[in-house]
Amino acid sequence: MALYGYIALDGQGIEQRGEVEGRDEREARALLRSRQLRVAHLQEGALPAEGGWGVRALEFIAPLLPRNWLPVRGPDLALLFRQLALMLRAGHTLVHALDACARLTPKLRARALVRGLAERLRGGHNLSEAMRLAGQPFTPLMIALVGSGETSGELDTVLGRLADDLERRTELRRQLASALTYPVIVLLAAVGVVTFLVVTVIPRFATYLAGRGKEVPGPAQALLDISAWLTDWGPLVTLGAALAVFALLAARTHALGRRLSDRFVLMIPVVGSTLVAAAMAQAAWTLALLVRSGATVLESLQVSAQVVGNRALGAAFERAGESVLAGRSVSVALSQVVVPPLMRHMAEVGERSGELDTVMEAVGAYYRKELDARVKLLSAMIEPLLILFVGGIVGFVYFAFFQAVMTVSSR
């Protein structure tokens, strides 16, 4: 089979450009005629890129952009899997689909990754083996699912499901990041401004008052005491905080330390329930994806334990897998403290009906909506608290300044 580039007119006279596969030129023309296309130009190989000097200049500059050198991430893989699924359904061979994806991919590292996959396929490997040899960013879950799709002959369907899963996972991360980024930035800005006022501005104002022979008012004196304390003990406190953060990060490199810290995070009001909703959505979608693709329940639980970001919840799914291996049902295996009752109940419903994948898909959609509500609640709670906190500090500083100014103006 050879690849032919064509320019043709459809039934409405609109120009169509693309590629078609055929044993020879005659078969390619016949295939285009069967699509109700009138061939104007046909050549072996891809068509040259369209555009004038401006387009060629952009094509020259594009590889130099910083984004093209970034590592391949989830959204890039989701786009790759989506394009491969569409091309396979359109009748492309896998090698030609990978070649087309490499041409369509703007990011250089992603393009090199796709071309490497195509070369391995030409060398006799199948797609799952090529992904395994490529290593990162392909995960064992992706490799296992692609292998099952190749075995069952439903590779396009499995690739579409993988794209859906990656897009959902990216959206979950985006929601959690957007809920936490704004409060952290505002809090850091408030602490920075207040520290600058207390350490720099207020001591100078106090020196000015002392030079005028005035007594420093109580609120201003309190700020001065805080300023003196930060000046004396600030470096030591900063060092202690840095050591505490380092110790926490070092503890999270060990399984037990990460599990304990993640378990503590789950106990924080509102934040913990938000993380649980995100984890349950991801776990339910992963279970649905794996069971629908032919994996066993045990394998699905083991993989779900890996994709759940919180290690305390991941350990719960690992224990659930061990319980299933011992002969217990999924609903009984999920009867653990950190797993919500709804997840256990719906697993029981799915087992009884024999449609565990469908039920888990619905559970994932429910927890996605629950996550949306939790994120909105988290934002609604944090913003007023931040306003009160920052406003209280700024108000106190202004009050101290006002009293100091009144002291200077008084005789």
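The values are calculated or read from the model by the stated rules, or taken from the named source; none is laboratory data. Remember, predicted model here, so these are calculated numbers, not experimental data. Glycine gets a Cβ as well: all are built from the backbone with ideal geometry, and neighbour counts include every protein chain shown.
Table for the structure above
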read-out	value
Residue selected from the stretch 366-376 under the condition touching a residue at least 40 places away in the same chain (Cβ under 8 Å) and among the hydrophobic types (A, V, I, L, M, F, W, C), by the criterion nearest to LEU342 (Cα to Cα)	LEU371
Selection from the stretch 247-281 of residues that are in contact (Cβ under 8 Å) with a residue 12 or more places away in the chain and touching a Gly at 6+ places or on another chain (Cβ under 6 Å)	LEU266, ALA281
Boolean, LEU356 is touching a residue at least 24 places away in the same chain (Cβ under 8 Å) and surrounded by 16 or more Cβ atoms within 10 Å (Cβ to Cβ)	yes
Selected residue [outside any helix (DSSP H, G or I) and surrounded by 16 or more Cβ atoms within 10 Å (Cβ to Cβ)] from ALA295, ALA312, ALA305, ALA278	ALA295
Any hit, the stretch 47-65, residues being at pLDDT below 80, in contact with a helix residue (DSSP H, G or I) (Cβ under 7 Å, 6 or more places away or on another chain) and more than 16 Å from ARG103 (Cα to Cα)	no
Search result, residues across the stretch 315-348 that are assigned to a loop (DSSP other than H, G, I, E, B) and either touching a helix residue (DSSP H, G or I) at 6+ places or on another chain (Cβ under 6 Å) or at negative phi (or both)	ALA326, ARG328, SER329, LEU334, SER335, GLN336, VAL337, VAL338, VAL339, PRO340
Residue ID - surrounded by the most Cβ atoms within 10 Å (Cβ to Cβ), chosen from residues in the stretch 112-141 that are modelled with pLDDT under 80 and either part of a helix (DSSP H, G or I) or touching a Leu at 6+ places or on another chain (Cβ under 7 Å) (or both)	LEU141
Restricting the stretch 16-46 to residues that are among the hydrophobic types (A, V, I, L, M, F, W, C) and outside any helix (DSSP H, G or I), the residue that is modelled with the lowest pLDDT	ALA40
